Amino acid sequence: MESPARPAPAPAALLYYVAFSQLLGLAVVAMTGTWLGVYRGGIAWESALQFNVHPLCMIIGLVFLQGDALLVYRVFRNEAKRTTKILHGLLHVFAFVIALVGLVAVFDYHRKEGYADLYSLHSWCGILVFVLFFVQDQIQQVRARGRPGQRAGPAAGRLRRGRALHPDPRRLEAAPPGGRASALHGLQDADGGRQPQLPVTRAPCHPVPSREAVSAVSGSRQK
C-alpha cells in the first residue's frame, strides 16, 4: 500500500501574511463601527438607525469571516482534514447568518420608510453576491456528500485519495467462502468495478469416480 502524500511545508512568510490579514480585517471592522457610531448616530433596530446595521453586518460577514474561512486550509494545513472542514464550515455559517441579518435590516428599513427596494447598482450587485455565496455553499455540501450511487466508507475514501487497495491473500484464504466473496465484491463495488478480481483459494476436493470405475472395482473384489 502506498503511503499518503505529505502536505507541502508552509511558506516561511505565511505567518506574517496571515497576521497582517487579520489586523487589516479587524481595522476595517473597527473603522466601519467608528464611522457608524461617530458620524451616523450609532446602531439600533427599532429606529431610523436600523439602516446602519446593514453595512456593519456585511463587513463582518462577507469580508472578515468569509476571508478567514478561506484561509483555514492554508493556516491549518498540517491539522486533521475533518477539523479544518468543521472550522471552515462554521465560519461560513456565521458569515451567512450575519450577512442575512444585514440584508433583512436594510429591507425592513426600506419597508418602514417607504423606500423602493433594489433601485441602485449597489443593491443589485449586493444581491448577486449574496445569492452566489448561498449557491456555492449548497454546491459544496452536495459535493461533500459524494456522487449519487457512490459507495461510502473507508475503502471508497482511500480509493478516492489515490491509494490502491490490495487485500491480504492469507486473510482471504482463512475466511469462509462467503466472506471471501463478500470482500472481493465489496472492493470491486467501491472502485466502480475496476478493481481486478483476485483468485479465491478453494479447499482441495477429490474427483468423483465414474460408474465404470466403480463397477470394475466391485468385480475385482468379487473375484
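The values are calculated or read from the model by the stated rules, or taken from the named source; none is laboratory data. Every value quoted in this text rests on a predicted model; they were computed, and no experiment measured them. With ideal geometry, Cβ positions are generated from the backbone for all residues, glycine too; neighbour counts draw on all protein chains shown. What goes into the accessible areas is simple: the full protein's heavy atoms, side chains included, and nothing from ligands, DNA or RNA. Shrake-Rupley method; radii C 1.70, N 1.55, O 1.52, S 1.80 Å.
Is it true that Ser21 is hydroxyl-bearing (Ser, Thr, Tyr), touching a residue at least 24 places away in the same chain (Cβ under 8 Å) and farther than 19 Å from Phe130 by Cβ? So Ser21 passes the test. One residue stands out among those in region 134-148 that are over 10 Å from the mean Cα position of the chain (by Cα), at pLDDT below 80 and farther than 14 Å from Val93 by Cβ: the one that is most open to solvent (accessible area, probe 1.4 Å), which is Arg147.
The helices (runs of 4 or more DSSP H) found entirely in region 47-116 that carry 2 or more residues being of a type in the set (Phe, Trp, Tyr) and within 26 Å of Trp35 (Cβ to Cβ) are 81-113.
Between Tyr73, Tyr115, Tyr39, the distinction of being open to solvent by 50 Å² or more (accessible area, probe 1.4 Å), closer than 19 Å to Phe133 by Cα and either free of Cβ contacts under 8 Å to residues at least 60 places away in the same chain or over 28 Å from the mean Cα position of the chain (by Cα) (or both) belongs to Tyr73 only. Number of residues in region 48-65 that are open to solvent by 40 Å² or more (accessible area, probe 1.4 Å) and either in contact with a His (Cβ under 9 Å, 6 or more places away or on another chain) or within 21 Å of Ala116 (Cβ to Cβ) (or both) equals 3.
Note on region 9-21: residues that are part of a helix (DSSP H, G or I) and either loosely packed, with under 14 Cβ neighbours inside 10 Å or of a type in the set (A, V, I, L, M, F, W, C) (or both) total 7. In region 39-46 there is at least one residue matching the filter, namely being part of a helix (DSSP H, G or I) and modelled with pLDDT of 90 or more.
Being over 17 Å from Leu70 (Cβ atoms), open to solvent by less than 40 Å² (accessible area, probe 1.4 Å) and free of Cβ contacts under 8 Å to residues at least 24 places away in the same chain is a property that His110 has.
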